[in-house]
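Since the structure comes first, as structure tokens, the remarks are kept for the end.
What follows draws every value from the coordinates through simple rules; no lab data is involved. Quantities reported herein were computed from a predicted structural model and do not represent experimental measurements. Counting neighbours? That spans all protein chains shown, and the Cβs are built from the backbone with ideal geometry, glycine included.
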């Protein structure tokens, strides 16, 4: 709301206030991982001794960026740096006003099609945005995503990041993979390795376009189940080792992007790695809290790619799982919930001891699990988030872990209940 008020009073306020940040600004955008990655980049800049202005609560439209700038009220020549996560659709307008020093663009997956449109439409808008920007910012791009790799204008200054660890390659593209055709000629891409979704070591045989060689590359993912990871990352300054509380290959790739983004902003790789290792998970993104002698881990799952990576991460732990899966269909979630049929739940379900389905579309979830062949005696439907959390916690063994996979608005409602129990802090309180 403060951002809306500020923009009504002074439509040019974002450009003015961002222009006061002498340390420059980096914008972070993606379908998945932008809140986590923004948090990691912010930590790296602070560890380097810089003041940081950021939208840590995840308000990533123009009004959210305006609110963060209004709260900081930087004066002309302020030594602070800006680190803002930006919604995919809002990015062109925010970039036009902010005139960033660097832009970190990580991935594009199918998400909220009713609002964003198809991936190619977003890619076209981003391409037009970069074509019109003068001067062009330093670009930090995930070359493993074919759509992102095709964004770089000829002659632009790019830091490429990605994965170079064949041990974490999947058997092949999943049926839910999105951007699998060449941006240049439209031909089907060939993959030497697939990391997640359509992200991997790709090549177009007909025209010769291929994944750029990453400047910042994960050479050893170091996955340790739901406990986190210890990735080794190659940089232009040498290899660094991180210790992440964040589980899953997707978060290893987020950390590589954050490291590349920090380097683009002038932070030494070793310092950035040390800082990134010390940053706790963002709210709802592998956040872990304790309730009544049980751990609760929240893994935001808002589209097929993200949900599939959460399933893949849980599969790394060879034990029985207690799950609370929450599905809402509000504007911030996407009205169309048919994407739950593209999530590969099936490998995980035999290991699920008990599953609670909740949210406004709880019965749709239950139907999906029925078609997945799950024993419905282990599925409990409770549309009310608060009641579902209470029931799922009560049914989780003492000392056990309840893993919560919610969509965006459901995550906020479940966290609100955890806040009321004193188990979690308000989501806007984190840095």
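In percent, rounded to a whole number, the relative contact order of the chain is 14, using alpha-carbon pairs under 8 Å and six or more apart. Per-residue ellipticity at 222 nm computed for the chain from its helices equals -9500 deg cm²/dmol, with DSSP H segments shorter than 4 residues left out and the rest contributing -39,500 (n - 2.57).
Taking only Cα atoms, what is the 0 to 90° angle, nearest 10, from helix 269-278's long axis to the longest principal axis of the chain? Tilt of helix 269-278: around 30 degrees. Top mean-square fluctuation among 389, 355, 367, Gaussian network model of the chain, C-alpha springs under 10 Å? Result for the chain, Cα springs under 10 Å: 367 fluctuates most.
Within the chain, antiparallel bridges make up roughly 35 percent of the DSSP beta bridges whose residues both belong there.
Of all the options 167, 29, 179, the one that moves most in a Gaussian network model of the chain with Cα springs shorter than 10 angstrom is 167. The shape of region 172-232 can be summarised by an equivalent ellipsoid whose semi-axes, obtained from the alpha carbon gyration tensor, come to 26, 15, 7 Å from longest to shortest. What the Cβ-Cβ distance of residue 185 and residue 219 gives, at R0 = 45 Å and to the nearest 0.05, is a FRET efficiency of 0.90.
Here the contact order of region 84-153, divided by its residue count and restricted to Cα pairs under 8 Å and six or more residues apart, works out to 41 percent.
Taking only the Cα atoms of region 285-420, the radius of gyration and Dmax are 13.3, 37 Å.
Can you tell me the equivalent ellipsoid semi-axes for the chain? Use √(5λ) from the Cα gyration tensor, largest first, whole Å.
33, 26, 21
Multiplying the residue separation of residue 317 and residue 376 by 0.36 nm and subtracting their alpha-carbon distance yields 18.9 nm.
Give the Kirkwood hydrodynamic radius (Å, one decimal) of region 203-290, defined as one over the mean of 1/r across all pairs of different Cα atoms. For region 203-290, the Kirkwood estimate is 13.9 Å.
Within the listed set 226, 377, 66, the residue fluctuating most in the Gaussian network model of the chain (springs between alpha-carbon atoms under 10 angstrom) is 377. Counting only alpha carbon atoms, the long axis of helix 34-47 and the longest principal axis of the chain meet at about 60°. So how far, in whole Å, is the C-alpha centre of region 281-335 from the one of region 365-400? Between the Cα centre of region 281-335 and that of region 365-400, the gap is 13 Å.
Its residue count N fixes a reference of 2.2 N^0.38 Å for region 1-146, and the Cα radius of gyration divided by that reference is 0.99. Any chance you could give the angle, 0 to 90 degrees and rounded to 10, that helix 362-371 forms with the longest Cα principal axis of the chain? Approximately 70 degrees, to the nearest 10.
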